[in-house]
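Written out below as structure tokens is the structure these notes cover.
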Amino acid sequence: MLLGKNSIAIEVDSLVKKYGDLTAVDSISFTINKGEIFSFLGPNGAGKTTTVEVLECLRKPTSGRAYVLSFDISKDQDEIKKRIGVLPQEFNTFDSLTVRENLQYFAGMFGSSVDIDSLIKLVDLEDKRNEQYKKLSGGLKQRLGVAMALVNDPEIVFLDEPTGGLDPKARHEVWNVIRGLKKQGKTIFLTTHYMEEAEVLSDTVTIIHKGKIVAKGTPEELITQYGQRNLLILKNTDKVAVPLIETLGLEASFDSDAGDVKVTLNHNFDMSEIVRALTLKQVAFGELQLKRSSLEDVFLNLTGEMLREGETQ
Amino acid sequence: MNRVLIDLKASLKMFFRSKAAVFWTLAFPSILILLFGAIFGGMDSKYSLYVQDLDQTPSSIGFIKALNLTNAFNLRILEDPAINATEYALDKELSYMVVIPEEFENDLGMANATIKFIYDQSQTSAAVVMGILSSVISEMNLRFASLPDDPQYFVVLQPETIAPKRFSFMDFFLPGMIAMSAMTTSIFSAVEISSRYRETGIFRKLATTPLRRIEWILSRTLYLIFVSFIGMAVILVLGITLFDVKVIPDPLSLILVVTTSMLFSGMGMILSRFVKDPETAGAAANAITFPMMFLSGSFFPLEQMPEFLRSIATVLPLTYVNNGLRDAMIMGEPQRAIMNTVIVAVLGVICLFVGAWITRWEED
């Protein structure tokens, strides 16, 4: 069914997916605009992968509706599959085919005439084009996986844990590829347990917990709304600074073990007020450390759980 | 169809790059054929021997007792004298049987008695049985000769073949190897690929493409038929060049290899649907193929096996593949091969259909 909403890439309305008595996805609704990087976060068993697989037409929903590029997931699977690219979680492909042969195979499945060499170049695998998949390192395998998700020149790319298990360098390389895809105008549906990844890449973030959506917005909106306030640490500072800072209307405490004064900021410009007050009263203070609230704090606040590698679902 | 060809091409590339797959498909049956060819001299288990006593006299009964005393036979007596022994042997696919003619006792007194031995020359066991029978008759003649009143009793073994040509053990063995090779290639490959693709998530990735399950199964079956043909070619070349096996080029043997691949790849798909872990699935495939190899007459003639094992052989599909291939390629009996081919084809279509029906790329 065509909705005619040209700016919307994915629309999910009251989607439910049950496995027997277990409700994995419990009436969730959200929309994703075309061209944005959308991050889907949630702890183990939250229903992330189930939702993604329903949108990829791999599973049938129990109830509710979802549209991918205005096509109904219950009726238009063929149309949807032609227009999406998928990097599955713990991606694997044919071991003894080369990088180039794997890409040719999947391009052939779509009947796509995509330029394989330009795809290889996009993911920076030119030196490895004739290397068999089994001989690639983890990072190179993931990059091939991203390239394979692009063989049909999809409008939406689903990336399920694209940097899982990668070292920081390889992770940054994959991030660069994802940023490149956004520049090409593609919509990215990203599932990740790396909060930093979601924070630096995403336009919008949705957090799912126990099958229900508990928060959605831009990373900044979520941090502002659900994160803790930023914390200023004054290293090697006398405890007389505490009452002085409190006169500014801020919460402060003295850490006698470390010899530090900790101040919870209402706004970042509170920092200059503190420095001015201490300087006026000639209270010596050491290095200033600002501990910013992050998406990790938001996640912890909302779900009460840490996201750990290998525990995403 | 284009997607089928793409998948087929990729599968073949991967097959030839996997040394283990090539070894087990080609080298393993080759080694077996060489080993069996080199060591097979004779077989010394108990033989099932059908005996038709048309005389029903103390002498004929005495001869049967003498056969029993050799301890080499499980004797089966054909009670109905109206049965034509040659037709019975052909109909029941017996390798040999003994007929004690009417007037055996009378002829014995005239030094003119015969024991008819109807046998299939393609069966090595027939030669062994004939040797034992000759020994029994020689022993009898020696005893007659030493009798005090010199009655001049004498018995002659009168052999009568039921197969027009002379066949060696290798003639028997080669079709069995082709059948075994097609079976193991198809079932193990189907099991291994299905369970590995499921475990590694390749099925999930394929499910996100427009490739349909039925296209994938079609390509997989074509691939297994192709690999089975390679196995067949290697076995034929070895058999013809090293063991002088005379092979009759009959299209039925090709059809049998195709239907065998369908049958066992379907069986592999069914197995891997229920046994999902790759190692367990491999063990399950072994549990099916190993007994079948030895109980369906691939290596040894069924006649050498006890009755209850022969009953089991009649329900094993590989028995019909073995019989069909032997009838078509070696014996030159296309009519008999057609029946076996039809049985294998029907089973093949059923197994492949069920396998395709229940194979899932993703759980829902």
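Computed from the coordinates by the stated procedures, all read-outs in this text should not be read as laboratory data. What you are looking at is a predicted structure, and each value in this text was computed from that prediction instead of being measured. In this analysis, Cβ positions are derived from the backbone assuming ideal geometry, glycine residues included, and neighbour counts consider all displayed protein chains.
Structure summary
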| quantity | calculated |
| --- | --- |
| Size of electric dipole in segment A:227-295: Cβ of Lys, Arg +1 and of Asp, Glu -1, about Cα centre, debye, nearest 20 | 160 debye |
| Charge tally in the Cβ shell below 14 Å around residue A:185, where Lys, Arg are +1 and Asp, Glu are -1, residue A:185 excluded | +2 |
| Given A:75/B:276; A:121/A:182; B:65/B:92, the pairs whose alpha carbons are separated by over 20 Å | A:75/B:276; B:65/B:92 |
| Residue-averaged 222 nm ellipticity for the protein assembly as shown, from DSSP H runs of 4+ at -39500 (n - 2.57), nearest 500 | -15500 deg cm²/dmol |
| Nearby lysines by direct alpha-carbon distance to residue A:239 (threshold 25 angstrom, same-chain neighbours under 8 apart not counted) | A:262, A:281, A:291 |
| Mean-position separation - Cα centroids, segment A:188-224 and segment A:12-71, in angstrom | 15 Å |
| Neighbourhood charge, 13 Å Cβ-Cβ cut-off, centred on residue B:336 and excluding it, Lys, Arg +1 and Asp, Glu -1 | -4 |
| Whole-number D in µm² s⁻¹ for segment A:1-98, Kirkwood Cα-pair radius fed into Stokes-Einstein, 37 °C, 0.692 mPa s | 227 µm²/s |
| Value in Å of the Kirkwood radius, where segment A:82-235 supplies the Cα pairs that are averaged | 16.8 Å |
| Estimated dipole of chain B in Debye, rounded to 20 [Cβ of Lys and Arg +1, of Asp and Glu -1, Cα centre] | 2560 debye |
| Given chain B, longest segment not containing exposed loop trypsin sites (Lys or Arg not before Pro) (DSSP; at most 11 other Cβ within 10 Å) | B:167-364 |
| Segment A:29-98: trypsin sites (Lys or Arg not before Pro) falling in loop per DSSP and having at most 11 other Cβ within 10 Å | A:75 |
| Pairwise Cα inverse-distance average, inverted: Kirkwood Rh of chain A (Å) | 21.7 Å |
| Given charges at Cβ of Lys, Arg, Asp, Glu: segment A:162-313 dipole, positive-most of A:236, A:225, A:283 | A:225 |
| For A:160-168, mean number of other protein chain Cβ atoms within 10 Å | 0 |
| Per-residue mean of C-beta atoms belonging to partner chains within 10 Å, peptide A:148-159 | 1 |
| Within 10 Å of each Cβ in B:196-209, the average number of Cβ atoms from other chains | 6 |
| Whole-Å distance, taken between Cα centres, linking segment B:317-345 and segment B:277-296 | 23 Å |
| All-pairs Cα distance distribution in chain B, expressed in whole percent, bin size 10 Å | 5, 22, 26, 19, 13, 8, 5, 2, 0, 0 |
